[in-house]
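Colleague: Can you read through this structure? Questions will come right after.
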Amino acid sequence: MLMFLNLVQVVLYVALLGLLGQGLLFILAGAKRETNFFYKLLQVVGKPFVFLVRKITPRQVADHQVPIVTFFLLLILYAVVTFEKVNHCIAVNMVGCK
């Protein structure tokens with residue numbers, strides 16, 4: 001169980017960092033972000049998550065807002081997984097959890 005929670009946590013962490021980096025480059029690169037190699041690379045990292053959130057959000061949410069919504073949903077999921085990981089660690093009396 002701990003291995004599964006660690007795996008989920010790492011996947012969420014990588015996606016969060018990708019979306020955060022994409023947001024920073026959105027601000028820093030300005031209009032030329034679409035030609036920026038690193039911006040495109042970070043889009044590839046976050047694209048599966050953004051796609052899933054686009055499918056579950058209503059149409060009233062604009063397409064340019066979906067990455068922001070994705071970031072906050074992933075942040076909430078990351079907090080939940082971290083909380084569950086700590087609970088599991090304490091429940092099985094692992095050394096270093098107390």
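The values are calculated or read from the model by the stated rules, or taken from the named source; none is laboratory data. These numbers come from a predicted model, not from an experiment. Every residue, glycine as well, gets a Cβ built from its backbone with ideal geometry; the counts of neighbours run over all protein chains shown.
Colleague: So, in segment 29-53, exactly how many residues are among the hydrophobic types (A, V, I, L, M, F, W, C) and modelled with pLDDT under 90? Before the answer, list the steps.
Modeller: To start, the set of residues in segment 29-53 that are among the hydrophobic types (A, V, I, L, M, F, W, C) comprises 29, 31, 37-38, 41-42, 44-45, 49-53.
Filter once more, keeping what is modelled with pLDDT under 90: 29, 31.
Total meeting the criteria: 2.
Yes/no matrix, rows are residues, columns are (1) surrounded by 13 or more Cβ atoms within 10 Å (Cβ to Cβ); (2) under 16 Å from LEU73 (Cα atoms):
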residue: GLY21; (1), (2): yes, no
residue: LEU25; (1), (2): yes, no
residue: LEU28; (1), (2): no, no
residue: PHE37; (1), (2): no, no
residue: VAL50; (1), (2): yes, yes
residue: LYS55; (1), (2): no, yes
residue: GLN60; (1), (2): no, no
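Colleague: Please verify whether segment 47-60 includes one or more residues that are closer than 30 Å to ALA91 by Cβ and either of a type outside the set (A, V, I, L, M) or touching a Ser or Thr at 6+ places or on another chain (Cβ under 7 Å) (or both).
Modeller: yes
Colleague: Give VAL44, VAL69, VAL14 a once-over and let me know the one that is closer than 30 Å to LYS85 by Cβ and surrounded by 15 or more Cβ atoms within 10 Å (Cβ to Cβ).
Modeller: VAL69
Colleague: Consider ASN6 carefully, then state whether it is of a type in the set (S, T, N, Q), loosely packed, with under 15 Cβ neighbours inside 10 Å and in a helix (DSSP H, G or I).
Modeller: So ASN6 fits the description; yes.
Colleague: I need the full set of residues from segment 64-98 which are at pLDDT 90 or above and either at positive phi or among the acidic types (Asp, Glu) (or both), in order please.
Modeller: GLU84
Colleague: Looking at VAL95, VAL86, VAL69, VAL11, can you tell me which residue is free of Cβ contacts under 8 Å to residues at least 24 places away in the same chain and in a loop (DSSP other than H, G, I, E, B)?
Modeller: VAL95
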